[in-house]
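**Student:** Questions regarding the structure given below will be posed in turn.
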Amino acid sequence: MRLSYPLLTMGLAIALGFGWLAPAIRAARSPLMASTCPYAQIRLETTQAIDRGAICVAARPWFRAGLQVLVYFTDTRPANPGLWRHQVRQVEAAAGLRTLPPDRFEPNAIALSLTLAPELTNNIVITYGDQLSRTPIDDPARLEAVKQAMSQQLPTQPTAALVTGLEQTYQLFADVPPSSVQNLPQQTMPSTATPVSEILWLLGGSLLTLGGLMVGAIAWRHYRHQQSLAARLQRLQTATANLLMACNRLLLGDWPEATALYQQFVAAGGLRYPSLIQQVTAALAAAQAEQQRALQQQPLKQPLAITTAAMKRTLRHWEWIYLTLLGSRDRTFKLSNSDLQALLQPDLPDTARWLVKVELEQIDPAHSDCVGVVGYIAEVQQILARLQQAPQQAPTQLATLQQSRQTLADQLSPALQLAPAVALQPLDSLIQQATSYLNQDLPLSALEVCQQAEQVYQTLAALNQALTLHERQQAEICAYLEQGLQPPLLAAKQQRVKQLLVDMRRFLEQGQDAAVKSSLPAFNQASQQALALVHTWHQRYQANQQTLSQLKQTLTAAQTELEAQAQPNWRSLQAYPQPHWQDLTGCVAEAAKTLAQLNHDQMPQLEKLTSLAQQDLPQAERLATEIATTLQAVTQQMQQMSDRLRHLQTTEPQP
């Protein structure tokens, strides 16, 4: 018998409505089934190979008995028992089994925590809730026997040690009659699938219900949506717990100076820098406070009937916890998962690193300005990186600066009119200071001074480059002036350049390299404007000379046309009756007079105006326009006379 998908869905919905498949559905939508152990939270901070499956199977009896289980194993070696206890409490809180503050462990939970630090007397910690306090687990002697059995298998067999701990503690618990343990919630064993035969049996009596089809479809969509939300919540909780534990590895300690990050700071020589001590201590204290604030944001208690609205509220609450840890600023929020892992777990190989980055959907980070625990850690990590790199970088940068300084001194522009020792005094002072810091074994201070010196060097190099360009520009200006050019306003431009140069020379003598840097743009602009003014005037002069030459040629052509064509044409016109040429009377005489005036008065005046001696180019351009207009008028008159004669010769009988 084959069943269609709608009928199967309808049957599932009706069965769900009667509660027949509730256990199977709860197990199917459990977010733990996808990728983690369904019976326990397993947190491993280790590079060793550990069988999660074996641990998960060993935790199953505890789950069946209604207990929440946490298994925590780490390679870290806390400096003292107090730090180890603090680390265990933080992990338990991240797993949701401990409330901080007040310090309260979940009554129906058990946690096994191990560290590979045999020098600690309590490297195995077994924490249990109040509901197990009336069981043999509460017997110190019997619990110590369990720890001894686990300890014998460390460090070579961590999986066996964890499995032994789970199995033997459960045996202690199982020896107690159920009546001795009150109010334990009965948890349902997860199931990966519901047998098809059971579904077929459940379909009996439901296939005739037409409304069941609609109910089934709605229920299926609702189930799929809740399944998606549950899976997202699981990823978010996992990432939050991993992020919290990754931060905790670096921040574990009752005060900032007790953290691993501060110890790295000390190892890198940070105690030689008082300002950094204050900065690092403040950042670590802020990180620990933010971490504590995240732990105090306890997850919302979910009702028995999980609705979509309730699930979204839970997601939003967890996203706020996650954002408190990560921070909302771009410096950390936009880091990828691999970048976050490298920042928080640099000592672990890629295969041992955890998922710590998820995308947020319920809240917008742009509406929050939160540095976050990771933000403060990143600040300290940046200081550590500078401390660790300074011993190699500072001597190299100092040697480079000294070589650059010598090269600059050899190439210093004479336009500065200062000796190299005076001109380079701001740079020399910083080089001497950096050398002194290196001799005092303060490489970070030396590196910071070298960075300042590099900026001063760049300013001096830019000044020298500007002066070199200025010298070439001045040489070009002088070449034009030697040709006789006299650009107006050039004296004012040159005075502006000279004053800026005097000011920069004074700034150098006073060691004010910042003032030199701010004056350079104005100096470059003024020097370029002076050269541009000369270029423009030279081009204008050449244009006037070309206009003068063209006008001379036009005047000569007009005089030739007057003598060779206009005057003979006028005599020929007079052979025709007077009405045909009367309006042209006097044109030839007027043209001859105008050309003579241009030749003897205006053209010599134009030559004088455009000469190097006078260079009155604006007046010359106006006069040239007048001459060109006059020549055009004369040419038009002579052309009119030629056109009239040609017309009469074709239309009138020959006189």
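**Student:** When Val57 is evaluated against the numbered criteria (1) farther than 19 Å from Asp254 by Cβ; (2) open to solvent by less than 20 Å² (accessible area, probe 1.4 Å), which criterion, by number, is the only one it fails?
**Tutor:** (2)
**Student:** Here's a follow-up. Filter region 115-154 down to the residues that are part of a loop (DSSP other than H, G, I, E, B) and surrounded by fewer than 16 Cβ atoms within 10 Å (Cβ to Cβ) and list them by number.
**Tutor:** Once the filter is applied, which keeps residues that are part of a loop (DSSP other than H, G, I, E, B) and surrounded by fewer than 16 Cβ atoms within 10 Å (Cβ to Cβ), region 115-154 yields Pro118, Glu119, Thr121, Asn122, Ser133, Arg134, Asp139, Gln152.
**Student:** A follow-up question, please. Of everything in region 67-86, what is assigned to a loop (DSSP other than H, G, I, E, B), under 39 Å from the mean Cα position of the chain (by Cα) and crowded, with 19+ Cβ neighbours inside 10 Å? Give them in sequence order.
**Tutor:** Across region 67-86, the qualifying residue is only Pro78.
**Student:** Test each condition in (1) touching a residue at least 60 places away in the same chain (Cβ under 8 Å); (2) open to solvent by 60 Å² or more (accessible area, probe 1.4 Å); (3) in contact with a Lys or Arg (Cβ under 7 Å, 6 or more places away or on another chain) for Gln529 and report the one that comes out false.
**Tutor:** (1)
**Student:** With a cut-off of at least 3 residues that are modelled with pLDDT under 80 and open to solvent by less than 40 Å² (accessible area, probe 1.4 Å), name the helices (runs of 4 or more DSSP H) lying wholly within region 170-287.
**Tutor:** Because the criterion is at least 3 residues that are modelled with pLDDT under 80 and open to solvent by less than 40 Å² (accessible area, probe 1.4 Å), the helices (runs of 4 or more DSSP H) in region 170-287 that meet it are 210-251.
**Student:** Another question, if that's okay. Restricting attention to region 528-541, does a residue exist that is of a type in the set (Lys, Arg) and within 30 Å of Gly484 (Cα to Cα)?
**Tutor:** Looking for residues that are of a type in the set (Lys, Arg) and within 30 Å of Gly484 (Cα to Cα), one finds at least one in region 528-541, hence yes.
**Student:** Any chance you could count how many residues in region 296-341 are under 28 Å from Glu45 (Cα atoms), among the aliphatic types (A, V, I, L, M) and modelled with pLDDT of 75 or more?
**Tutor:** Matching residues across region 296-341 total 7.
Yes/no matrix, rows are residues, columns are (1) more than 30 Å from Leu271 (Cα to Cα); (2) among the hydroxyl-bearing types (Ser, Thr, Tyr); (3) in contact with a Lys or Arg (Cβ under 7 Å, 6 or more places away or on another chain):
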residue: Ile383; (1), (2), (3): no, no, no
residue: Gln389; (1), (2), (3): no, no, no
residue: Gln392; (1), (2), (3): no, no, no
residue: Ser404; (1), (2), (3): yes, yes, no
residue: Ala409; (1), (2), (3): yes, no, no
residue: Pro420; (1), (2), (3): yes, no, no
residue: Gln432; (1), (2), (3): no, no, no
residue: Asn439; (1), (2), (3): no, no, no
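**Student:** Are any residues in region 87-114 more than 36 Å from the chain's Cα centre (by Cα) and part of a loop (DSSP other than H, G, I, E, B), and if so, which ones?
**Tutor:** Leu97, Pro101, Pro102, Asp103, Glu106, Pro107, Asn108
**Student:** Quick check, is Ala95 open to solvent by 50 Å² or more (accessible area, probe 1.4 Å) and among the hydrophobic types (A, V, I, L, M, F, W, C)?
**Tutor:** Considered against the rule, which asks whether it is open to solvent by 50 Å² or more (accessible area, probe 1.4 Å) and among the hydrophobic types (A, V, I, L, M, F, W, C), Ala95 comes out as no.
The values are calculated or read from the model by the stated rules, or taken from the named source; none is laboratory data. The structure presented is a predicted model; accordingly, all values stated were derived computationally and were not measured. Cβ sites come from the backbone with ideal geometry, for glycine too, and all protein chains shown count toward neighbours. What goes into the accessible areas is simple: the full protein's heavy atoms, side chains included, and nothing from ligands, DNA or RNA. Shrake-Rupley method; radii C 1.70, N 1.55, O 1.52, S 1.80 Å.
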